Amino acid sequence: MNGELTIKERIEKIREKKVTKLQRKLIEFLETNSYENIIYFSITEFALAAGVAEATVLRFCRSLGFGGYQDFKLSLAQEVGTAQKKLSERGYIHNICDNYMEMLDKCRQRVSPERVEQAVRYLLSARTISCFGVGNSYVPALELHNRLTKMGIYSQCERDLHLQSILLSSCGEKDLLVIFSVSGGTKDSVDLAAYAHKRGIKIIVVTSYEKSPLTKYADVVLAAVPCEHPVEAGSLTGKIVQIFLVDVICTGVYFSDKAHYDECIAQSNASVVGKLV
């Protein structure tokens, strides 16, 4: 199909052939709902809203000529128009700062204290902790690993997809996986979570969506990262909010035994004093 065709034009092309009952249902859903809202749906949310299975949504996207759901969402977003940031008269420096503050405030409002406490309990009771994220989500995973290490808590953080699976192969019910994914639909992350779930490993997911392919495997979902516009996927804002949640979780761990962790942090600081000029 021509990549410049609109969604409506693509739909008309498949209508020239025999449209199935489920395809008709999805077409009606698209025609009666705003693209501006749909572009923020995970594939799970889209399927639930349309009343079909995720596999049906994926097949429908492919029938329209897209490689998958994310490709389809990006095309929707481009039709709506690239997300426009509000520029204040003070200039882009103030605008960027205001944007970060707005996103952090939204995160503060969305985060569940009860789920944070549950995540802290899992961190404190785990035999081993694996901090993983794919692509841009590797940054907050590494930050969690660094913070835990400085507090004297053993954890592992690996970027290589094969090594992630190998590290989890020796883990079980007493171990914990903390996985970061803004979309909750990155195939590598979903596959890793499915593997961990099969082995009985506890799973904390830090993401944007309550319902996504990834959260199906989670024991705790921290869905407090603001949803990204598809055109701006991988933005710095998403990473900053994820790191904020890392700070929240680690602070919860710290206050569970302040004296102990003060001592661990002091020892960590002392170990690198000689490396500073």
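For region 238-277, just say rounded, prolate or oblate: build the C-alpha gyration tensor, square-root its eigenvalues into a ≥ b ≥ c, call rounded for a/c under 1.5, and beyond that prolate if a/b exceeds b/c, oblate if not. Could the numbers behind the result be given before it?
Details: a/c = 5.81, a/b = 1.36, b/c = 4.28.
Oblate shape, in that a/c is at least 1.5 and b/c is the bigger or equal ratio.
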Query raised in the report: Counting only the heavy atoms of the protein chains, how much of Thr128 is accessible to a 1.4 Å probe, in Å² to the nearest 10?
Result: 30
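For the chain, which semi-axes, largest first and in whole Å, follow from the square roots of 5 times the eigenvalues of its Cα gyration tensor?
Ellipsoid semi-axes (Å, largest first): 39, 23, 15.
What is the gain in length, in nm to one decimal, between Asn33 and Gln267 on full extension, counting 0.36 nm per residue of separation less the C-alpha to C-alpha distance? Intermediate results must be reported in sequence, preceding the final value.
Working: separation 234, 0.36 × 234 = 84.24 nm, distance 5.71 nm.
Gain in length upon complete extension: 78.5 nm.
Could you pull out the trypsin sites (Lys or Arg not before Pro) across region 18-55 that fall in loop regions by DSSP (anything but H, G, I, E, B) with no more than 15 other Cβ atoms inside 10 Å?
On the way: sites: Lys18, Lys21, Arg24, Lys25; in loops: Lys18.
Within region 18-55, the qualifying trypsin sites (Lys or Arg not before Pro) (loop, at most 15 other Cβ atoms within 10 Å) are Lys18.
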Report summary line: Two pseudo-spin positions, 7 Å from Cα along C-beta at Arg127 and at Asp219, lie apart in nanometres by 1.3
Query raised in the report: In this model, which of Lys211/Lys239; Lys18/Lys216; Lys13/Lys211; Lys18/Lys211; Lys150/Lys239 are farther than 28 Å apart at the alpha-carbon?
Result: Lys18/Lys216; Lys13/Lys211; Lys18/Lys211
Requested in this report: Using a 1.4 angstrom probe on heavy atoms only, work out the carbon and sulfur share of the accessible area of the chain in %.
Outcome: 54
Query raised in the report: Which of the peptides 175-188, 145-158 is most tightly packed, and how do the rest follow, judged by the mean count of other Cβ atoms within 10 Å per residue?
Result: 175-188, 145-158
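Applying a 10 Å radius around every beta-carbon, put 111-124, 264-277, 27-40 in order of their mean neighbour count, most first.
On the way: 111-124: 16.2, 264-277: 9.4, 27-40: 14.4.
Descending packing order for the listed peptides: 111-124, 27-40, 264-277.
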Report summary line: So the angle from the long Cα axis of helix 54-63 to the longest Cα principal axis of the chain, reported in degrees to the nearest 10, equals 50
Query - Local electrostatic count, Ala194, Cβ distance below 13 Å [Lys/Arg +1, Asp/Glu -1] - result: +2
Query raised in the report: Cα centroid distance between region 13-30 and region 117-145, in Å?
Result: 42
Report summary line: Note to self: Kirkwood Rh of region 126-182, Cα pairs, one decimal, Å, is 11.3
Query raised in the report: Counting each DSSP H run of 4 or more residues in the chain as -39500 (n - 2.57), what helix-only mean residue ellipticity at 222 nm follows after dividing by all residues, to the nearest 500 deg cm²/dmol?
Result: -17500 deg cm²/dmol
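I need the shape label for region 143-277. Rule: rounded when a/c is under 1.5, else prolate if a/b > b/c, else oblate, with a, b, c from the alpha carbon gyration tensor.
Working: a/c = 1.88, a/b = 1.43, b/c = 1.31.
Cα axes put region 143-277 in the prolate bin.
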Requested in this report: Any chance you could give the angle, 0 to 90 degrees and rounded to 10, that helix 113-125 forms with the longest Cα principal axis of the chain?
Outcome: 50
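Please state the shape class of region 1-142: rounded when a/c is under 1.5, otherwise prolate if a/b exceeds b/c and oblate if not, all from the C-alpha gyration tensor.
Details: a/c = 2.45, a/b = 1.48, b/c = 1.65.
Oblate.
Leaving out ligands and nucleic acids, and using a 1.4 Å probe, what accessible area per residue does region 1-145 come to in Å²?
60
The values are calculated or read from the model by the stated rules, or taken from the named source; none is laboratory data. Here the structure is a predicted model, which is why all the values come from computation and not from measurement. Ideal geometry is used to build each Cβ from the backbone, glycine not excepted, and the neighbour counts take in all protein chains shown. Heavy atoms of the whole protein, side chains included, go into the accessibility calculation; ligands, DNA and RNA do not. Shrake-Rupley method; radii C 1.70, N 1.55, O 1.52, S 1.80 Å.
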